[in-house]
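Scroll down for the structure; my scribbles are underneath it.
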Amino acid sequence: MQTQNNKPLENRELNAAESLELIGRMIENTHNRMERQAGLPFLLWGYLTVLFTAAIYLLIATTHDGRWNCLWFGLPVCGWLGTYLLLRRPTAEGSVTTFVDRVIGQIWLVLGIVAFVVMTLTIATRLNPPILFLIVLLMSIGCALSGLVCRFTPFVVSGFVGIALSPLFLFGFAPAWHVALFVAAFITLMIVPGHILCYRSNRSASQHHV
């Protein structure tokens, strides 16, 4: 593709207006792709987290054996495998990845690694950090940053609501209340935005077929 100055487009320096327009297009593309693709992974991680939380709490409460906490290692395995299977499905627009997509992916990669390290240290050592507070805070930050980067309101709202709820885990409530708060936080962070995204995606698809 040639420009009016007979220079290849990829070698021509963009002016300020063109740069802003390019950034806007990348954000809009990511925004649209998130509406179509992010709903199911959010629902997957949200429901898996709620399921693992309830199951592990009930097992520990009935057996009084803290070794059931090792089941938490199954959550990232199931989540990453499920996400891979969901996102590898072909789409009409192919597998184009923009700079904004990579930024959001790296945000979640870093936060996911930190959360995994915190969980591992808590289970494998005698350290007793406020793990529920840290996990909810990290996931909330990830949602808020993702929403701010791609200008996606459901992520921003759920992220800041999660950040506001996270300090509640620092209070000395009974374990059952902490578990209930943890479940409520992930319903707010993952499940509600996931259903919103799926609804928007289905509505957009039905409008295109009209």
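The values are calculated or read from the model by the stated rules, or taken from the named source; none is laboratory data. Computed from a predicted model, the values in this text were never measured in an experiment. Cβ sites come from the backbone with ideal geometry, for glycine too, and all protein chains shown count toward neighbours.
Data overview
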{"read-out": "All positions within the stretch 139-154 that are buried (at least 19 other Cβ atoms within 10 Å of the Cβ) and either β-branched (Val, Ile, Thr) or modelled with pLDDT of 85 or more (or both)", "value": "Met139, Ser140, Gly142, Cys143, Ala144"}
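Condition check ((1) at pLDDT below 90; (2) surrounded by 13 or more Cβ atoms within 10 Å (Cβ to Cβ); (3) of a type outside the set (D, E, K, R); (4) outside any helix (DSSP H, G or I)) across all residues:
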residue	(1), (2), (3), (4)
Pro41	yes, yes, yes, no
Ile56	no, yes, yes, no
Pro76	yes, yes, yes, no
Leu85	yes, no, yes, no
Val96	yes, no, yes, yes
Phe116	yes, yes, yes, no
Ile123	yes, yes, yes, no
Phe133	no, yes, yes, no
